[in-house]
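K.L.:
This is the structure I have questions about; it appears just below.
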Amino acid sequence: MSKPANALSGISDEAGASIDVQIKAHLKLGWKEIELRSVNGIPLYQLDSSTFEQLRHKMSLAGLKVTAVASSIGNWGRSIHSPFAEDLEELKILSDRMNQLGAKYVRIMSYPNDGLIEEEWRNRVVERMYALSMLAEKSDIVLLHENCAGWGGISPENSLYLIEKVNHPALRLLFDTGNGIAYRYNAYEFLQKTYQYVEHVHIKDGLLQNGEAVYTFPGQGHSQVKECLQFLINHHYKGIFSIEPHLHLIPHLGKGGTTDSFMDSYIEYGHHLEALLDELSTKERIHHE
């Protein structure tokens, strides 16, 4: 088997706050893909028109392809009681910007609970996800639910229920290898149960120290990153492997900064992922010789 053909990418604001640094990091890595979340700490959907136009122009000049973007829809900052109109408005803005950028995927979550009984929480999540999926379809984009905050991220069973109950082609899964550390589940087992709906993968690794998640380079933690990669390759995953290092910038914990000093570790993280994929490819080749 030759080296996996999957494109590599990353959530670029973890390389630095400015779009210039984010682009520079990906060009240094030699990657053609980039995943956008924020510029100078401002989420993509909240950028003013002038700043967004500058971003779009710089992406075009750099020859970078934006396949996925991050949203705040259903994430740790919006509980199930948050006004749904906020999510609909954000998706409308993002879908327009995604179409201008040529992006296909937008990351979402499914609303942390806020006092509801389990059944009511689940039903409200399903109702919102269906409405969001209908809106996404009209814009020719795909929602990717991450195994993170909200009802659908609690377990693989919940993720499967959500996907199959909504039953809409504009709703699929984003699998993050490292989220099991923070949310206390085995991510590899999560992947094995849900992989048929996974269309995008985030690479993160970490371990628990004194009950707190501490993030590491891929392959150096307890997230079974190598096993997840092998499983995906064996099951003919065609999507992107996108790094989300969390070595410096952890938005939901309020950790990070606005300096551009993170680029070197971001690039090193990318090289660690490349090395893991090379190792898997070499083992597979030797096995077949």
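Computed from the coordinates by the stated procedures, all read-outs in this text should not be read as laboratory data. Just so it is clear, the structure is predicted and the values come from calculations on it, not from any experiment. Backbone-built Cβ (ideal geometry, glycine too); neighbour counts: all protein chains shown.
K.L.:
Which one, Gly30, Leu91, Pro245, is farthest towards the positive end of the dipole of the chain when Lys and Arg carry +1 and Asp and Glu -1 on their Cβ?
P.N.:
The listed residue farthest towards the positive side: Gly30.
K.L.:
Still on this structure, please answer the following. Pop the C-beta distance of Glu157 and Phe231 into the FRET formula with R0 = 30 Å and round what comes out to the nearest 0.05. Walk me through the numbers on the way to the answer.
P.N.:
Details: r = 19 Å, r/R0 = 0.62.
My answer for the efficiency is 0.95.
K.L.:
Also, I was wondering about something else. Relative contact order for the chain: what percent, with Cα pairs under 8 Å and sequence separation of 6 or more? Spell out each step's value before the answer.
P.N.:
Numbers: 544 pairs, mean separation 60.4, N = 289.
That works out to 21 percent.
K.L.:
Compute the orientation-averaged projected area for the chain from the convex hull of its Cα atoms and round it to one decimal in nm².
P.N.:
Numbers: hull surface 58.5 nm².
If you wrap the Cα atoms of the chain in a convex hull and average its projections, you get 14.6 nm².
K.L.:
OK, next. Hey, if you put +1 on the Cβ of every Lys and Arg and -1 on every Asp and Glu Cβ in the chain, which of Gln46, Leu160, Tyr195 ends up farthest toward the positive end of that dipole?
P.N.:
My answer, from the dipole projection, is Tyr195.
K.L.:
Which percent, to the nearest 5, of DSSP beta bridges fully inside the range 174-252 are antiparallel?
P.N.:
Values: 5 of 11 bridges.
Roughly 45 percent of the beta bridges in the range 174-252 run antiparallel, per DSSP.
K.L.:
Between Lys165 and Lys193, what is the label-point separation in nm under the 7 Å Cα-to-beta-carbon projection?
P.N.:
Label-label distance for Lys193 and Lys165, simple model: 1.5 nm.
K.L.:
Then there is this: Please give the charge dipole size of the range 8-288, origin at the Cα centre, charges +1 on K and R Cβ atoms and -1 on D and E Cβ atoms. Round to the nearest 20 debye. Please report the intermediate quantities before stating the final value.
P.N.:
Working: 26 positive and 36 negative charges, 97 e Å.
Approximately 460 debye in magnitude.
K.L.:
With N set to the residue count of the range 1-109, report its C-alpha Rg divided by 2.2 N^0.38 Å to two decimal places. Please report the intermediate quantities before stating the final value.
P.N.:
Details: Rg = 14.6 Å, N = 109, 2.2 N^0.38 = 13.1 Å.
Output field value: 1.12.
K.L.:
Could you bin all the Cα-Cα distances of the range 109-198 into 10 Å bins starting at 0 and give me the percent of pairs in each, rounded to whole numbers?
P.N.:
Histogramming the range 109-198 at 10 Å steps yields 18, 51, 29, 2 percent.
K.L.:
Cα convex hull of the range 39-193: mean projected area in nm², to one decimal?
P.N.:
Numbers: hull surface 38.2 nm².
Answer in nm², one decimal: 9.5.
K.L.:
Next up: Where does each of Cys148, Cys228 land when they are ranked from fewest to most other beta-carbon atoms within 10 angstrom? Write out the running numbers ahead of the final one.
P.N.:
Numbers: Cys148 21, Cys228 26.
Lowest to highest Cβ neighbour count: Cys148, Cys228.
K.L.:
Could I ask something else about it? Considering the chain as a Gaussian network with a 10 Å cut-off on Cα pairs, which listed residue, Ser18, Ser139, Ser60, attains the greatest mean-square fluctuation?
P.N.:
Residue with maximal mean-square fluctuation among Ser18, Ser139, Ser60: Ser60.
K.L.:
If you average the C-alpha positions of the range 106-125 and of the range 130-184 separately, how far apart do those two centres end up, in angstrom?
P.N.:
Spelled out, the Cα-based centre of one part sits 12 Å from the other.
K.L.:
Which aspartates and glutamates have a Cα lying under 16 Å from the Cα of Lys92, excluding residues fewer than 8 positions away in the same chain?
P.N.:
Within the straight-line limit of under 16 Å, Lys92 reaches these aspartates and glutamates: Asp48, Glu137, Asp140.
K.L.:
Starting from the 7 Å offset along Cα-to-Cβ, what nm value, one decimal, do you get for the label separation of Gln54 and Glu137?
P.N.:
3.9
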